[in-house]
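Step one of this worksheet: look at the structure below.
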Amino acid sequence: MGLPMADYRSIPAISRLRDGAEYRRLESEFGARETIRAFRDAVEAVRRVIGVRGPADQPPRSEEIEASAEALLRERFTYRLRRVINASGVLLHTNLGRAPLCEQAIEHVVDVCRGYCNIEYDLDEGDRGHRDRLLDDVLCSLTGAERCTVTNNNAGAILLILAALTVSKEVLVSRGELVEIGGGFRVPEIMSQSGATLVEVGTTNRTRVQDFEAGVSARTAAILRVHPSNFRVEGFAERPPLTDLVRLANARNIILIEDIGSGYLGTCPSSDLHRYEPSVPDSIAAGVHICCFSGDKLFGGPQGGIIAGRRELVERISRHPLMRAFRADKLTYAALEATALEYRRGCAVNVPVQRMLQQSPESVRRRVAHLCARLHAIGSWSAEIRQDVSTIGGGSAPGLIVPTWVLSVRHGSLSVHDVCARLRRNTPPIIARASHDQVVLDLRTVAVADDVQLEQALANLALSLAHDGGVNLHSERGGAHVA
Ligand SMILES: *Cc1c(COP(=O)(O)O)cnc(C)c1O
């Protein structure tokens, strides 16, 4: 502040920098607007340093300003949404985007979205079509429903179902199912937003069909059954069998709606999944009138809500004005369609979530052992393999144990926190599990094709640590991008 202007004048002028080849190169890569902004910011940073520390012995050189402007530009043009390698062992990690898409879905999305598509165009008639028609056939064949429609997520699906079928009427829900799903989805709140009136029946741990029976009145429009997907009531607990609810709903002429959450299609007979997750075809076959589930949980497709059920009811839902606000876009339709076709083909294992889930502990062990051997060859890491468990996550099957093998790694004096932070800074970032005093890598959730990248990342990390000749703990916590 108190410095004479002369000291600031030693900073190269922007007008002069603009004539440089370096400036022109960056401008052609990043555009005029951001380039000038980056140079101004770089110059401003130098001014601040001079203001704080006083004039440097050497006046700042153009090259330094150009280099810091380039670093700013690269940082500002780095995607913030990035692919990561999920070594956490949580299959449907909501913070990591839940289900990865199958190759067929990715190709279909790319193909459909590169140009125009018939999302609402009837190719037979050459006239306006309806997006629902595109997936109705395949989704009905997978679920056993008469009609299906799609929304942009399952929360939207429930809101829409209630708004279309139960508005200003009463909906019975068991007190044991008034749950909150991750991300602030609360059944009572969704219900009040929909305009329906919630009537709680039964108790937290035990609700019988008689409780529902007693709750039915002339104002009752529906029973909503919610799969309490992310928690379990153990011990003295009871839920009415679905068939009893179907009988009651039919006898009293009310609609039975089931929010099934995960969208398990019953395609994983080898696992214990069916003991924890209701399957959509089973619910429809049992007589549930309307069933809804997420597209990106066990179904293994894109974010979306799938509504399956009786023709007349689904049509009322898809004609509701709110559908316009909840409808899914063409990317979702494309990914959902390709994923659904893999199930129709009987190739559930092409769907990554299903493949990862069905992978035997032995095959995970082989990959982990291989990685472990490679790390021993690299040296500097201490690594060992051991048994552990993967989890489904995404609010699915909380009690289900999926045995797996993991690699547990340590490096010199680096803390667990520091190793995890360094792995997150890899390209692509690697998300490990911190478990007590160990960093754990579960390969069940890592695509086989990424094993090499994982190994590379660990090798590079060891190399850079050896190069640093020690660990700068301050840089660990900074979280800043390494230019
Ligand atoms: C996950 C889940 C939801 C919310 O689904 P989104 O697709 O995330 O909107 C609703 N109900 C149940 C039972 C769930 O498990």
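Before moving on, here are some points about what is shown:
- Single condition residue 256 does not satisfy, out of (1) under 18 Å from residue 145 (Cβ atoms); (2) away from the ligand (no atom under 16 Å from the Cβ): (2)
- Contact annotation: residue pairs with Cβ atoms under 8 Å, 6 or more positions apart or on different chains, pairing a residue in region 136-154 that is touching a residue at least 60 places away in the same chain (Cβ under 8 Å) with a partner that is among the aromatic types (Phe, Trp, Tyr), are 142/343; 150/333; 151/326; 152/326; 154/293.
- Residues of region 178-196 satisfying the condition of being away from the ligand (no atom under 15 Å from the Cβ) and either among the aliphatic types (A, V, I, L, M) or more than 27 Å from the chain's Cα centre (by Cα) (or both): 195, 196
- Region 348-367 - residue that is part of a loop (DSSP other than H, G, I, E, B) and surrounded by 15 or more Cβ atoms within 10 Å (Cβ to Cβ) and, of those, nearest to the ligand (Cβ to nearest atom): 351
- Residue satisfying all of: in region 368-416; of a type in the set (Lys, Arg) and in a strand (DSSP E or B); surrounded by the most Cβ atoms within 10 Å (Cβ to Cβ) among these: 410
Conditions (1) free of Cβ contacts under 8 Å to residues at least 60 places away in the same chain; (2) closer than 21 Å to residue 231 by Cα; (3) more than 16 Å from the ligand (Cβ to nearest atom), marked per residue:
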| residue | (1), (2), (3) |
| --- | --- |
| 125 | yes, no, yes |
| 132 | no, no, yes |
| 159 | no, no, no |
| 176 | no, yes, no |
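- Complete set of residues in region 115-144 that are over 16 Å from residue 334 (Cβ atoms) and small (Gly, Ala, Ser): 126, 141, 144
- Test: residue in region 164-178 that is touching a helix residue (DSSP H, G or I) at 6+ places or on another chain (Cβ under 6 Å), more than 21 Å from residue 314 (Cβ to Cβ) and not aliphatic (A, V, I, L, M): no
- Residue in region 241-259 that is at pLDDT 95 or above, among the hydrophobic types (A, V, I, L, M, F, W, C) and closer than 26 Å to residue 349 by Cα present: no
- For region 5-21, residues that are assigned to a helix (DSSP H, G or I) and modelled with pLDDT of 80 or more total 5.
- Pairs linking a residue in region 328-355 that is among the polar types (S, T, N, Q) to a residue that is surrounded by fewer than 17 Cβ atoms within 10 Å (Cβ to Cβ), with Cβ atoms under 9 Å and 6 or more positions apart or on different chains, are 350/103.
- Qualifying residue in region 56-72 (condition: surrounded by fewer than 12 Cβ atoms within 10 Å (Cβ to Cβ) and not in a loop (DSSP other than H, G, I, E, B)): yes
- Selection over region 264-298 of residues that are within 16 Å of the ligand (Cβ to nearest atom) and touching a Leu at 6+ places or on another chain (Cβ under 7 Å) gives a count of 12.
The values are calculated or read from the model by the stated rules, or taken from the named source; none is laboratory data. Since we're looking at a predicted model, the values are computed, not measured. Cβ: placed from backbone, ideal geometry, glycine included. Neighbour counts: every protein chain shown.
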